[in-house]
Amino acid sequence: MSTGALELPLVAVVGPTGSGKSELALQLAERFNGEAINADSMQFYRGMDIGTAKLPPEQRRGIPHHLMDFLSVREDTTVAAFQTMARAAIADVRSRGKLPILVGGSGLYARAALDILEFPGTDPAVRTALEDELESAGLAAMLARLTAVDPVSAARISDGKRVVRALEVHELTGRPFSSFMPVRQYVTSTVQIGLDGNRAELHRRLAARVETMVSDGLLDEVASLIPEGLRDGRTAHKALGYQQFLRVVDGTSTVARATEETIVATRQFARRQLTWFRADPRVQWLDWAQPDLFDAAAALVAQPAKGAADA
């Protein structure tokens, strides 16, 4: 193929869990000399391998995978921090003449990497002063103050916490909080490929996937992470499967019950993922079961890409 990797777009493979994103990303990486950049927020954690369906290194076909295993289960990150790391990884991959392929189903994280999306900072002193003012002056007075500097935000929000946040952002940046609202505009030329298919088949896949995780040792993995601080962090212990099997460790549930609860929760999560990605009209959907899936995806990657301003 004559098209060089540097001329190709940033590729994002998105969709619900269990739809085959990892495999398609590997195939595209092999075809286009690419590297994978993880956008599954639970695969950030070291040791959370079975329950997150993390692709083992020996199954990655020599394709580098970035932004995996950089957090302990005690730690947390933010979408803003991920945005910085993801864009640095994208730039690094491109600097070596490779195609960056973002892959994962964590919708907000994927969007933070792909779109013009700013995250204004915070200042504890400013936040505390505004909270004290809210307590003394009342919500109506704070809303009136917000209306004077940011009528768009004032018309959208009504609870004290969000009013304080909007005022904090204005005080720190001099810009209205509404100016930071996300827009569907890519930072760079991008192709988003979404995988979807028959819903009954997805349910079957997810059930089989959870059952395989259990037979592969999910309970032992959960138990082994407790001394590492699984219960101590704000996020890791809430992951699908981990919260259910922690109850098995505690003796308040059974493997059978935890397995069924995880299957149900995973189906619900997949539904939310589809809702999120379906709301983005730029995603180009393919059926995971179509015989020419790889060729169809490769054609999308190779087509003339829309730039950031055209997306």
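Near Thr254, once Lys and Arg are set to +1 and Asp and Glu to -1 for all other residues with Cβ below 12 Å from its Cβ, the sum equals -1. Between Thr275 and Val152, the C-beta separation translates, for a Förster distance of 41 Å, into a calculated FRET efficiency of about 0.95. Listed by number, the DSSP H helices of the chain that run 27 Å or longer by alpha-carbon position along their axis and have mean Kyte hydropathy of at least -1.0 are 255-278. Between the amide H of Gln192 and those of Ala12, Gln284, distances stay under 5 Å, these residues lying 5 or more places away or on another chain, with hydrogens modeled in the peptide plane. The value obtained for region 86-190, namely the Cα convex hull volume divided by the number of residues, is 123 Å³ per residue. Taking a sphere under 12 Å around the Cβ of Ala279 and counting the other residues whose Cβ falls inside, with K and R at +1 and D and E at -1, yields a net charge of +4. Derived scalar couplings between HN and Hα for region 37-43 equal 10, 6, 10, 9, 5, 7, 7 Hz in order, rounded to whole Hz, by the Karplus curve 6.51 cos²θ - 1.76 cosθ + 1.60 (θ = phi - 60°), x for Gly and Pro.
Sorting 250-260, 92-102 by their mean Cβ neighbour count within 10 Å, with the most densely packed peptide first, gives 92-102, 250-260.
In summary, the aspartates and glutamates within cross-link reach of Lys98, defined as a Cα separation below 20 angstrom excluding same-chain residues under 8 places away, comprise Glu7, Glu23, Glu30, Glu35, Asp295. Just the number, please: percent antiparallel of the DSSP beta bridges in the chain, rounded to the nearest 5. Bridges in the chain that DSSP calls antiparallel: roughly 5 percent.
Computed per residue of the chain from DSSP H runs no shorter than four, each worth -39500 (n - 2.57), the mean residue ellipticity at 222 nm is -15000 deg cm²/dmol. The packing ranking of peptides 136-148, 183-195, 103-115, highest mean first, is 103-115, 183-195, 136-148, where packing means the average number of other beta carbon atoms within 10 angstrom of each residue. Note that region 179-311 shows a convex hull volume over its alpha carbon atoms of 165 Å³ per residue. Distance between the 7 Å Cα→Cβ label points at Ser179 and Thr84: 2.2 nm. Taking a ≥ b ≥ c as the square roots of the eigenvalues of the Cα gyration tensor, an a/c ratio of 1.5 or more together with a/b larger than b/c marks region 73-116 as prolate. With the convex hull of its Cα atoms as the shape, the chain has an orientation-averaged projected area of 18.8 nm².
Every read-out reported here was derived from the displayed coordinates using simple, explicitly stated rules and does not represent laboratory data. This is a predicted model, so every value here is computed, not measured. So basically every Cβ, Gly included, is an ideal-geometry build from the backbone, and we count neighbours across all protein chains shown.
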